[in-house]
1. What are the residues in region B:205-233 that are more than 25 Å from residue A:186 (Cβ to Cβ) and facing another protein chain (nearest Cβ under 7 Å), if any?
2. Name the residues in region B:66-94 that are surrounded by fewer than 22 Cβ atoms within 10 Å (Cβ to Cβ) and over 10 Å from residue B:106 (Cβ atoms), would you?
3. In region B:15-48, what count of residues is obtained for those that are in a loop (DSSP other than H, G, I, E, B), touching a helix residue (DSSP H, G or I) at 6+ places or on another chain (Cβ under 8 Å) and either without any contact (Cβ under 8 Å) to a residue 40 or more places away in the chain or over 24 Å from residue A:220 (Cβ atoms) (or both)?
4. Name the residues in region A:62-93 that are within 22 Å of residue B:223 (Cβ to Cβ), in contact (Cβ under 8 Å) with a residue 40 or more places away in the chain and in contact with a helix residue (DSSP H, G or I) (Cβ under 7 Å, 6 or more places away or on another chain), would you?
5. Have a look at B:181, B:169, B:202, B:144 and point out the one that is modelled with pLDDT of 95 or more, part of a helix (DSSP H, G or I) and more than 7 Å from chain A (Cβ to nearest Cβ).
6. Is it true that residue A:169 is closer than 27 Å to residue B:183 by Cα and surrounded by fewer than 23 Cβ atoms within 10 Å (Cβ to Cβ)?
7. Residues in region A:95-112 that are under 11 Å from residue A:137 (Cβ atoms) and crowded, with 21+ Cβ neighbours inside 10 Å: how many?
8. Could you check how many residues of region B:101-141 are touching a strand residue (DSSP E or B) at 6+ places or on another chain (Cβ under 8 Å), over 19 Å from residue B:22 (Cβ atoms) and part of a loop (DSSP other than H, G, I, E, B)?
């Protein structure tokens, strides 16, 4: 066995990120030797897809894998980190939020393997197109993780814990909060019997624009033009107080950005 | 000449929407016979691209075109509507915000021709992929506009003034405000020396997700999971008070949506 690369993997966690990474590992000729989840149904569902052993008992974790990937919710990670021990085996977590140190009690060799993407059950995501952020507490481990990451995507980045926390925070705005704005738009549209699909080309083009244009230069709309008459009428049209407040808040931020 | 279709057009306005529509008209074999703008440099720049006459004097508008397209800013439209007279010539505006009636003093035959997209100077937009919302004050005019619109895109919709106003408001959330969130994310990312491009695959996938999944079902993130520890740390990491307020506001709206 080549000790300079990663062949066998144990997954701690069976959620969205774990499921997507699991598939990617299998597709690159590596072997997931075990799946752990505290929920038997989750462990079983994921593991049985590939005929992989699973367990719901952290004590029963396979001791001979090359890599242990902790891919659980941010809330559950600290508990796993307290309970799990692997000696000197390489252990990584996949969280954008937690620092590498969050798992320092688990092993002497730790790291982070954070795919910067939003994963949804039953929706294929091509790892090839997404950035993998890696970190490790030794150059040797970092080298192993880099080789591994490069087998999934050309976009591999050395990102420290502080940077990753900020990336994760930025992603809340660019992804989670953006999705909420889509939801508000959908509510407004449905209230006048127009299907949401009318907005889809606009949503796509808004995202595509910032692929080439800086978001500051891409800004358009009534707040950007400081068109008071339009903004006033928009506020009158909004029935929901939360939507009103949100409209006022973001419009004032845009006006401030452009000093108008 | 075939009086049942539109061959010659005058553009009132020379901004982003006018420029994009101008090109589309030329590409479908029609002729823009004149461009008006109160700014000579704007009128000239657009008109000279195709060797088209232009004017800065509303009195000098060509009286013999099949269609007059008023494509000026929402703020400028009322003034144009007061000044311009075309008798019974078909006149449309391209505003999402204004009702059809905003131009009823201009002609007996009026309508709206609203392309639902964000247009940026020097950025090509394929009309083929965008919805064109049309309205008119007679069936004859509506038929003419429908034929015209269908020569640009298969996605032609009959949308009345109230619906269009709501679509326009929804577009502010789905496009203008979304772009502002990209801007906030960019600020956060730059503060830790990570290039904005790391977020691009996430931004694309967030938009792509709602092409097939309802925004309610696509929602992810700390607020969706009601992960108080993550949200608290995020607030501590935000230096800017506006960004903090925005974080609190949207997170509370997401929690309310999911009753958590």
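The values are calculated or read from the model by the stated rules, or taken from the named source; none is laboratory data. Source: prediction; values computed, not measured. When we count neighbours, we look across all protein chains shown, and the Cβ atoms used for this are built from the backbone with ideal geometry, even at glycine.
1. At the first step, the residues of region B:205-233 found to be more than 25 Å from residue A:186 (Cβ to Cβ) are B:228-230, B:232-233.
Residues satisfying the conditions are B:229, B:230.
2. Answer for region B:66-94, where residues must be surrounded by fewer than 22 Cβ atoms within 10 Å (Cβ to Cβ) and over 10 Å from residue B:106 (Cβ atoms): B:66, B:73, B:74, B:75, B:76, B:77, B:78, B:79, B:88.
3. At the first step, the residues of region B:15-48 found to be in a loop (DSSP other than H, G, I, E, B) are B:15, B:28-30, B:37-39.
Checking which are touching a helix residue (DSSP H, G or I) at 6+ places or on another chain (Cβ under 8 Å) leaves us with B:15, B:37.
Restricting the remaining residues to those that are either without any contact (Cβ under 8 Å) to a residue 40 or more places away in the chain or over 24 Å from residue A:220 (Cβ atoms) (or both) gives B:37.
Number satisfying all stated conditions: 1.
4. Selection gives A:71, A:72.
5. Details: B:181 fails: more than 7 Å from chain A (Cβ to nearest Cβ); B:169 fails: more than 7 Å from chain A (Cβ to nearest Cβ); B:202 fails: more than 7 Å from chain A (Cβ to nearest Cβ).
Selected residue: B:144, the only one of B:181, B:169, B:202, B:144 that is modelled with pLDDT of 95 or more, part of a helix (DSSP H, G or I) and more than 7 Å from chain A (Cβ to nearest Cβ).
6. Working: closer than 27 Å to residue B:183 by Cα: yes; surrounded by fewer than 23 Cβ atoms within 10 Å (Cβ to Cβ): no.
Spelling it out, it is not the case that residue A:169 is closer than 27 Å to residue B:183 by Cα and surrounded by fewer than 23 Cβ atoms within 10 Å (Cβ to Cβ).
7. So the count comes out to 4.
8. 6
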